[in-house]
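Undergrad: The structure that follows is given in the form of C-alpha cells.
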Amino acid sequence: MREATPSSTALAVSLMRAVHSRSAPLPLIDDPWGERLIPQSVIAAIGQSLFVAAGADGGDAAHLGVDALLLASPASANVILRSRYTEDVLRDAVARGISQYVLIGAGMDSYALRIPPGAEQVRIFEVDHPATQSFKTQRITECGISLPDSVHFLAADLSQQALGSVLQGSAFDASQPAFFSLLGVTMYLSSQANRATMREIAACSAPGSELVFTYIDQAMFSAPVTSANASFADMQGQVASQGEPFVSGFDPESLGSNLESVGLRLQEDLSDLDLIARYDPEGVNGLKSVQQSRIARAKS
C-alpha cells in the first residue's frame, strides 16, 4: 500500500461485503457498513479504478455500475466466503469461552460495529497500518458512531514492529486464549515475513488460541497463465496496479509442517471451492472462485 493513504484493497473489500449483503439472493453475510463508512467520492474513485482495470480505456465507470464491477472482481467470492467462515469459527470459539479477538490487518472490517449476541464481552483488537486505521477511525467519528470500551485500535506497521510488542502495550491479556484473524494479508508479505508473523502469533498467545488466515497456493506464482487461472492473473494485475502486489503464498502440502515449526497446529485447510460447497451448494449466489485462494485454521 502507499504509505500515506489507506489500503485501496481494504476499501474495495469492504464494499464487496456491503454489495453482497444488499444484493445477493441469499446473502452469506450481513455487513452493510462499507457503504456507510466509505464516502461516495471514494466509492466512485474505486469504481473508476475497477473500470480501467477491467480493460476499459477511460470514461466514467458510473454507467457500468459500481456494484457490477465489485461483484465481477475475481476477489469477490473469496472476500464473502472468508468472512462467513471466519465469523462462524469465531462464534464457536466465543461459545467455548474465548473472549479476545485480534484482527491483524483489520482494514475496514466491521465486526466491532455489529457485535453479535453472545459476543458482547469479547475484547476486540484491530491492528493495521496507521494510514488505513486513521482513515477508518476518522470515518467512524464522522458518522457519529460510538463504540464500546472493549474495542481497541492499535495502529502499527508490522513490517517495522512485532505483533507481540504491539499487543503488549494494550489491554490484551497474553495469559488468556485469543482468536486471531489474518484475512487477505499473507499474499502481500514475503515468505520470511509470514513465518515471522505466525511465530509471533504463537509466541504471544496462550494455549488454546486459534488463528484463521487466508493464503494463495504458492504454485500460482510460477504457473503459466492459462484459461484455468486467467482470473487469478487478472486479480494479480489489479492489486499490483494499486501498489499492493502479491508477493508470496504457501504450499498446501507442507502447510501443516510449516505451522508446526513455528508453534501452531493445522486444524483445517479449505479451498474456495470447498467453501462454496459448504455455504452455497446450489450456486444460488453465483459465486465464482479463482480456485487458488485458500483459508486455514490453526491452534496454538
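The values are calculated or read from the model by the stated rules, or taken from the named source; none is laboratory data. None of these values were measured; they are calculated from a predicted model. When we count neighbours, we look across all protein chains shown, and the Cβ atoms used for this are built from the backbone with ideal geometry, even at glycine. Calculation scope for accessible area: heavy atoms of the full protein, side chains included, ligands and nucleic acids excluded. Shrake-Rupley method; radii C 1.70, N 1.55, O 1.52, S 1.80 Å.
Undergrad: Taking the chain as a Gaussian network, where each spring joins two C-alpha atoms under 10 Å apart, which residue of Leu273, Leu264, Leu147 fluctuates the most?
TA: Answer for the Gaussian network model of the chain: Leu147.
Undergrad: What FRET efficiency, computed as 1/(1 + (r/R0)^6) with R0 = 30 Å and r the Cβ-Cβ distance, is obtained for Ala44 and Val247, rounded to the nearest 0.05?
TA: The computed FRET efficiency comes out at 0.55.
Undergrad: Related question: Cα-Cα pairs above 23 Å in the chain: how many percent?
TA: 55 percent
Undergrad: Using a 1.4 Å probe and counting only protein heavy atoms, arrange Ser8, Ser293 so the residue with the most accessible area comes first.
TA: Ser8, Ser293
Undergrad: Among residues other than Leu183 whose Cβ falls under 9 Å from its Cβ, what is the net charge (Lys/Arg +1, Asp/Glu -1)?
TA: Net of charged neighbours comes to 0.
Undergrad: If you roll a 1.4 Å probe over the chain with all protein chains in place, what percent of the accessible area is carbon or sulfur?
TA: Carbon and sulfur atoms account for 51 percent of the accessible area of the chain.
Undergrad: For segment 24-181, state the semi-axes of the equivalent ellipsoid (square roots of 5 times the eigenvalues of the alpha-carbon gyration tensor), sorted largest first and rounded to whole angstrom.
TA: Working through the eigenvalues yields semi-axes of 31, 19, 15 Å.
Undergrad: Just grab the label-to-label distance for Ser165 and Asp30, each label 7 Å out from Cα along the Cβ direction, in nm (one decimal).
TA: Spacing of the two 7 Å Cα→Cβ label points: 4.3 nm.
Undergrad: Can I ask one more? So, in nm, how far is label Ser190 from label Ser99 when the simple model puts each one 7 Å beyond its Cα toward the Cβ?
TA: Once both label points are built, they end up 4.1 nm from each other.
Undergrad: Check Val102: other-chain or 5+ apart residues with amide H under 5 Å from its amide H, H built from backbone geometry?
TA: Long-range HN contacts for Val102: Phe125, Phe179, Phe180, Ser181.
Undergrad: Add +1 for every Lys or Arg and -1 for every Asp or Glu among the other residues with Cβ under 10 Å from the Cβ of Glu126, and state the total.
TA: Once positives and negatives cancel, what remains is -1.
Undergrad: Ignoring ligands, DNA and RNA, what accessible area per residue does the chain give at 1.4 Å, in Å²?
TA: Counting only protein heavy atoms, the per-residue value for the chain is 44 Å².
Undergrad: Largest first, what is the accessible-area ranking of Arg91, Arg297 with a 1.4 Å probe?
TA: The ordering from most to least exposed comes out as Arg91, Arg297.
Undergrad: Could I ask something else about it? If you take every DSSP beta bridge fully contained in the chain, what fraction is antiparallel? Give it as a percent rounded to 5.
TA: 40 percent
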